[in-house]
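Data block below; observations after.
The values are calculated or read from the model by the stated rules, or taken from the named source; none is laboratory data. Note that the structure is predicted; figures quoted are calculated from it, not measured. Every residue, glycine among them, receives a Cβ derived from its backbone with ideal geometry; neighbour counts consider all protein chains shown.
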Amino acid sequence: MNTVRVCGGVAAAIVAVSVPQVVVDDAVTAAPARVVLGVSQGKYSMGYGEVRPSTLTSNSMCANVISKIKWTSWGGAKARGHGVFCQSAGAEYRGEPIQRATLVAWDIGICGGKRSYRKLSIDGWKATNICRAY
């Protein structure tokens with residue numbers, strides 16, 4: 001602390017004040033990560049309404065299941081991921097190759113009361129509105 005004389009002979013103390021910095025972990029990245037993928041598509045759906053789902057299906061039938069999804073981006077204007085389609089019984093025995101899937105989700109808005117991706121395209125097909133249950 002330093003004492004200095006100011007006008008009128010009144011002494012004042014100058015104190016160096018240290019203001020602590022408050023850092024909130026992942027404050028910038030946490031908010032976008034809360035974006036979910038559409039809304040639940042019905043009783044047997046999986047992955048819809050979730051953040052970064054690893055499995056996605058609207059009805060649990062093998063032909064509509066994409067699993068092992070790894071998202072390369074999430075929370076921005078577009079989410080991109082890759083996974084594999086379910087194989088029917090005996091596919092491996094018959095030598096059928098694994099079918100890979102590319103997913104792109106976009107159009108962030110409010111869906112089912114949550115901040116959500118509202119459109120989804122799989123393998124470049126026409127986008128599906130995933131903001132409503134079927």
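Candidates in region 40-80 are the residues that are in a loop (DSSP other than H, G, I, E, B), aliphatic (A, V, I, L, M) and farther than 18 Å from residue 104 by Cβ; of these, the one that is modelled with the lowest pLDDT is 61. Screening residue 84 with (1) in a loop (DSSP other than H, G, I, E, B); (2) over 16 Å from residue 116 (Cα atoms); (3) of a type in the set (Val, Ile, Thr) gives one miss only, at (1). Hey, does region 86-93 have a residue that's touching a Ser or Thr at 6+ places or on another chain (Cβ under 7 Å), farther than 16 Å from residue 125 by Cβ and touching a residue at least 24 places away in the same chain (Cβ under 8 Å)? Yes, the conditions are met somewhere in region 86-93.
Taking the condition modelled with pLDDT of 95 or more and either of a type in the set (A, V, I, L, M) or surrounded by 13 or more Cβ atoms within 10 Å (Cβ to Cβ) (or both), does residue 91 pass? So residue 91 fails the test.
Considering only region 46-67, state which residues are within 10 Å of residue 86 (Cβ to Cβ) and either touching a Ser or Thr at 6+ places or on another chain (Cβ under 9 Å) or surrounded by 16 or more Cβ atoms within 10 Å (Cβ to Cβ) (or both). Give the derivation first.
Kept after step one, since they are within 10 Å of residue 86 (Cβ to Cβ), are these residues of region 46-67: 55, 57, 60-67.
Of everything in region 46-67, those that are within 10 Å of residue 86 (Cβ to Cβ) and either touching a Ser or Thr at 6+ places or on another chain (Cβ under 9 Å) or surrounded by 16 or more Cβ atoms within 10 Å (Cβ to Cβ) (or both) turn out to be 55, 57, 60, 62, 63, 64, 65, 66, 67.
If you filter region 94-128 down to residues that are polar (S, T, N, Q) and either in contact (Cβ under 8 Å) with a residue 60 or more places away in the chain or in contact with a Phe, Trp or Tyr (Cβ under 7 Å, 6 or more places away or on another chain) (or both), you find that the one that is surrounded by the fewest Cβ atoms within 10 Å (Cβ to Cβ) is 99.
May I ask you to verify whether residue 29 is at pLDDT below 95 and either assigned to a loop (DSSP other than H, G, I, E, B) or of a type in the set (S, T, N, Q) (or both)? For residue 29, the condition - at pLDDT below 95 and either assigned to a loop (DSSP other than H, G, I, E, B) or of a type in the set (S, T, N, Q) (or both) - is met.
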